[in-house]
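Asks: This is the structure I have questions about; it appears just below.
Just so it is clear, none of the values below were taken in a lab; they were calculated from the coordinates. None of the values given here were measured: they were computed from a predicted structure. We place every Cβ from the backbone using ideal geometry, glycine too, and count neighbours over all the protein chains shown.
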Amino acid sequence: MADKVEITWHGHACFTLDFGKKVVIDPFIDGNPKAKIKKGDVKADLVVVTHGHSDHLGDAVEIARNNKAPIVTFVELGWMIGAENGDLDIRAINYSGSTEVNGITVTAVPALHSSSVDGKYAGNPAGMVISDGITVYHAGDTGVFGDMSIISDLYHPDISLLPIGGFYTMSTYEATYAAGLLKSPYIIPMHYNTFDLIKADAQKFKKETEEKHQVNVIVPEVEEVVKIDRQELGKR
Ligand code: NI
Ligand code: MN
């Protein structure tokens, strides 16, 4: 069980969660105008992909192969990736399904969105709950939905990573409401300001969400490391 997690935002929806073992989620590095790292430099013990859109699947295959890391993703997308990459270890889970890698549990939860690869249907989109004593909910791309309260009840995410950019996902208005459903003590916004279509004011989101709910909204810079330890969360 990890004593702390170090969270690094690589821009857009891509994060590294370092529990001691590194989980890389939605590694859209190549072609991401805000990325400051190179895909060849990304270290991962596990790669998680929420859905097939190119700004999430991104460089997942290459990073998994470079690091000999498994990929955890939703079932049909996992099959698609596996059909072309027989060398990779792919854990293709469905909603409420979990898999464990290096003591880290990943559970697929709903996301209100769509999923395709190069225009081809790629199954359903997911959010992912990732836990090693400290629990992080990566919402993927999603609109707001009431069953976020079930995610709260079942998994008690300590940290929720929520899209705020609008157009393809929740904007700050819906994400503030979502924070109330999720009841995570920490919220980190994502999926904004990468492109003109998804402009958002993260500081305004922080102010409004903290005023409305008992949460801390952390707005990291790209490549800034946010450290959260178990003691801060009141966990023993
Ligand atoms: Ni998407
Ligand atoms: Mn997206």
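Asks: Under the 0.36 nm per residue contour assumption, what length would be gained going from the current alpha-carbon distance of Asn66 and Lys204 to full extension?
Replies: Contour length minus Cα-Cα distance gives 45.8 nm.
Asks: Under the classification rounded if a/c is under 1.5, otherwise prolate if a/b is larger than b/c and oblate if not, where does region 1-139 fall, given a ≥ b ≥ c as square roots of the Cα gyration tensor eigenvalues?
Replies: Rounded, since a/c falls under 1.5.
Asks: May I pose another question? For the pairs Lys39/Lys183; Lys120/Lys206; Lys120/Lys207; Lys34/Lys204; Lys22/Lys207, note any where the Cα-Cα span goes beyond 28 Å.
Replies: Where the Cα-Cα span goes over 28 Å, the pairs concerned are Lys39/Lys183; Lys120/Lys206; Lys120/Lys207; Lys22/Lys207.
Asks: For the chain, state the average projected area of the convex hull of the C-alpha atoms over all orientations, rounded to one decimal in nm².
Replies: 11.2 nm²
Asks: Report the net charge of residues surrounding Ile198, where surrounding means a beta-carbon distance below 13 angstrom and charges are Lys +1, Arg +1, Asp -1, Glu -1.
Replies: Overall, the nearby charge balance is -2.
Asks: Could you tell me the distance between the Cα centroids of region 165-213 and region 68-83, to the nearest Å?
Replies: 29 Å
Asks: When the label point is put 7 Å from the Cα of Asp3 along its Cα-to-beta-carbon vector, which residues of region 220-235 have a backbone N closer than 11 Å?
Replies: Flagged as within label range: 230-231.
Asks: How long is the gain from Asp30 to Gln231 if the chain were fully straight, where each residue apart is worth 0.36 nm and the alpha carbon distance is subtracted?
Replies: Gain on extension, Asp30 to Gln231, equals 68.7 nm.
Asks: May I pose another question? Within region 70-106, whose backbone N sits under 16 Å from a point 7 Å along Cα→Cβ of Asp118?
Replies: Hits in region 70-106 for Asp118 at 16 Å: 77-86.
Asks: Give me the percent of DSSP beta bridges within the chain that run antiparallel, rounded to the nearest 5.
Replies: 60 percent
Asks: Mind jotting down the distance between the C-alpha centroids of region 42-64 and region 135-152, whole Å?
Replies: For region 135-152 versus region 42-64, the Cα centre distance is 20 Å.
Asks: Let me ask something additional. Which residues' amide hydrogens lie under 5 Å from the amide hydrogen of Val72, considering only partners 5 or more residues apart or on another chain, with H built in the peptide plane?
Replies: Hits under the 5 Å cutoff: Val47, Val48, Val49, Arg91.
Asks: Using the number of other C-beta atoms within 10 angstrom as an exposure proxy, rank Phe145, Phe74 with the fewest first.
Replies: Ranking Phe145, Phe74 by Cβ neighbours within 10 Å, fewest first, gives Phe145, Phe74.
Asks: Counting each DSSP H run of 4 or more residues in the chain as -39500 (n - 2.57), what helix-only mean residue ellipticity at 222 nm follows after dividing by all residues, to the nearest 500 deg cm²/dmol?
Replies: Value at 222 nm, helices only, nearest 500: -6000 deg cm²/dmol.
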